[in-house]
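Here the structure comes first, spelled out in structure tokens, and everything after it is commentary.
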Amino acid sequence: MNERESPQIRGTIFGFEDALRREGRIRLRIYELPQKTVVIVTDLDKGPSVTNAAEEIATQVVSSFGIDPERHLWFEHYPREDIRSGKSSGGEEYDLVTFTWDGEKFTDPRWSYSTQQQIEELIGERL
């Protein structure tokens, strides 16, 4: 897929609030594909982690951007470098997170390992 055909429709820093009303920020990338919307959230180490606030972040992103909660793939991303210290934290990590949608919010997150290559193949471009 060439740059003009990029499925990415949004890339931004997104502020969220967790269940304890703590504020945080993530890097958010949204890709609109024919069958699904792919969402990638990158932990910026600015507040609660994307893992600990997964349900709240997913609910707020779906609401804010009009994403069909039944037609999306959600990936968490932890970068190779610690954002605050700039030191390597090991390899980059990607996880597919699936949720239960109760009609108002996401619950019951479940994580499964994914790779950058798998996500790039899915979206048709490099991350």
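Readers should treat all values here as calculations from the given coordinates under stated rules, not as data from a laboratory. The structure presented is a predicted model; accordingly, all values stated were derived computationally and were not measured. FYI the Cβ positions are ideal-geometry reconstructions off the backbone, even for glycines, and counts take in every protein chain you see.
Structure notes:
- A simple spin-label model places the labels of R110 and E93 2.0 nm from each other, with each point 7 Å out along Cα-to-Cβ.
- If you look at the Cα atoms of the range 10-81, you get an Rg and a Dmax of 11.6, 36 Å.
- Ellipticity estimate at 222 nm from DSSP helix runs (n ≥ 4, -39,500 (n - 2.57)) divided over the chain, nearest 500: -4500 deg cm²/dmol
- Taking the chain as a Gaussian network of alpha-carbon nodes connected by springs under 10 Å, the highest mean-square fluctuation of the residues Y31, Y113, Y78 belongs to Y113.
- Rg and Dmax over the alpha-carbon atoms of the range 3-123 stand at 13.9, 41 Å.
- Across the range 110-123, coupling constants 3J(HN,Hα) worked out from phi with the 6.51/-1.76/1.60 Karplus curve, θ = phi - 60°, read 10, 9, 9, 4, 9, 10, 4, 4, 4, 5, 4, 5, 5, 8 Hz, and Gly and Pro carry x.
- Difference of contour (0.36 nm per residue) and Cα-Cα distance, S64 to K36: 8.4 nm
- Listed residues P79, P69, P48, most fluctuating in the chain (Gaussian network, C-alpha, under 10 Å): P79
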